[in-house]
Amino acid sequence: MHNKFKILVTGSTGFLGGHTCRHLEKQGHSVTGLDIDQDIFKQGLPNERFDVLIHFAAYVGGRKGIDNNLYRITKNIELDRRVIEWAETHVDKVIYPSSCAAYPKSLQTQEGTPMREDMAGGDPFDMYGMSKLATECMLKFAKVKSHVMRPFTIYGPGQSMDYPLPAIIHRAKQGECSVWGSGTQVRDWVHINDALRVFEYLVQREEPVVLNIGTGIPLTFKQVAQIIYKEVHGDYSLNLITQTNEPEGAGYRYADITLLKSLGLEPKIGLAEGIRTML
């Protein structure tokens with residue numbers, strides 16, 4: 001029997017936040033959502049207590065919109081600082097979605113190196129990863145209990161075209177299959193429904209934990225494009241276009257999910273099945 005909690009979700013109008021609010025409400029929790037601009041910066045955070053805060057709110061927008069945009073990165077860190085200070089006196093527990101980008105650059109350029117939770121720190125690949133790592137450090141010293149999750153490449157219905165999978169699906173439906181960069185970049189693709197199982201687990205868990213959210217299966221953009229094209233058109237006979245003038249990103253990002261498996265949270269949805277939920 002799971003406990004029912006009073007939960008505040010920031011970034012509730014975004015892809016992850018929206019799915020999380022709907023899922024937790026179905027589980028019987030009392031959920032309040034806050035939007036980043038209208039609520040947090042303009043009106044402030046609510047003067048009431050919550051059992052759990054899930055802090056998704058951030059300025060994002062795919063690789064072009066965030067990776068080395070100094071204004072957005074520093075604004076995200078300031079947002080996180082405000083939210084954590086508020087949480088110290090208003091919630092019992094914080095759940096913070098960091099990122100696989102918080103892992104060191106050296107791990108993101110080595111083929112065949114899955115990222116384990118205790119490997120984070122040092123020199124992240126980009127400014128976005130540095131900002132996530134900075135907030136993880138703030139939480140370590142904050143006077144509130146916290147869980148840190150490091151999502152890899154989450155995808156699913158309702159995701160914007162700024163992100164890889166929906167963009168590739170859209171182009172495949174038009175008869176074109178193209179990927180940013182060389183197409184050899186490796187990612188760990190995890191469906192939103194598998195991620196939601198982890199979020200629900202962390203809502204219930206008391207002992208602080210840092211946890212990867214991934215599948216442990218490395219796939220290149222080229223491989224993913226082939227699977228998408230087959231789901232859309234029924235065959236693999238695609239003429240893949242590599243947009244080498246677009247950002248390449250990190251070479252390798254996939255999770256060690258040993259801890260996730262030990263908690264009974266191994267992903268259940270394969271990539272082809274997950275893609276079908278978006279068609």
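Remark: LYS105, LYS261 ranked as LYS261, LYS105, counting other beta-carbon atoms within 10 Å and listing the fewest first. Close amide H pairs (under 5 Å, H built 1.01 Å from N) link ASP256 with MET115, ARG116, residues at least 5 positions away or on another chain. Too long at a 26 Å Cα-Cα cut-off: which of LYS145/LYS261; LYS140/LYS268; LYS26/LYS140; LYS105/LYS268; LYS230/LYS261; LYS6/LYS261? Distance filter (> 26 Å) returns LYS140/LYS268; LYS26/LYS140; LYS105/LYS268; LYS230/LYS261; LYS6/LYS261.
Counting every other Cβ atom within 10 Å of each residue's Cβ, PHE50, PHE56 order from fewest to most as PHE50, PHE56. Compute for segment 102-219: radius of gyration divided by Kirkwood radius, i.e. Rg/Rh, restricted to C-alpha atoms, rounded to two decimals. Ratio of gyration radius to Kirkwood radius for segment 102-219: 1.00.
Under 15 Å from the 7 Å Cα→Cβ point of ASN69, by amide nitrogen: which residues of segment 132-169? Once the point is set 7 Å along Cα→Cβ of ASN69, 160-163 turn out to lie under 15 Å by backbone N, inside segment 132-169.
The alpha carbon centroids of segment 136-159 and segment 170-229 are separated by 16 Å. Taking the Kirkwood radius as Rh and the Cα radius of gyration as Rg, segment 32-191 has a ratio of Rg/Rh equal to 0.99. Our note on the geometry: Cα centres of segment 240-279 and segment 74-96, 28 Å apart. Across segment 264-278, computed HN-Hα scalar couplings (Karplus, 6.51 cos²θ - 1.76 cosθ + 1.60, θ = phi - 60°) run x, 10, 4, x, 10, 9, x, 5, 4, 5, x, 4, 4, 6, 10 Hz from first to last residue, x flagging Gly and Pro.
For segment 215-279, the Kirkwood hydrodynamic radius from C-alpha pairs, put into Stokes-Einstein at 10 °C and a viscosity of 1.306 mPa s, yields a diffusion coefficient of 113 µm² per second.
Kirkwood analysis of the Cα pair distances in the chain returns a hydrodynamic radius of 19.3 Å. Averaging the sequence gap over all C-alpha pairs within less than 8 Å and six or more residues apart, then dividing by the number of residues, gives the chain a relative contact order of 19 percent.
Counting only C-alpha contacts under 8 Å and six or more residues apart, can you give the relative contact order of segment 130-226 as a whole percent? Normalised by residue count, the contact order of segment 130-226 is 40 percent. Under 5 Å from the amide H of VAL190 lie the amide H atoms of THR153, ILE154, TYR155, each residue being 5 or more positions distant or on a separate chain, with H modelled from the backbone and absent for Pro and chain starts. Between GLY33 and VAL9, the built amide H atoms are under 5 Å apart, and every one of these is 5 or more places off in sequence or on another chain.
Distance between the 7 Å Cα→Cβ label points at PHE141 and GLU248: 3.6 nm.
Counting only DSSP beta bridges whose two residues both lie in the chain, roughly 10 percent are antiparallel.
Values quoted throughout were computed directly from the atomic coordinates according to the rules given, and no laboratory measurement underlies them. These figures come from a predicted structure and were not determined experimentally. No Cβ is skipped: glycine too gets one built from the backbone with ideal geometry, and neighbour counts run over all protein chains shown.
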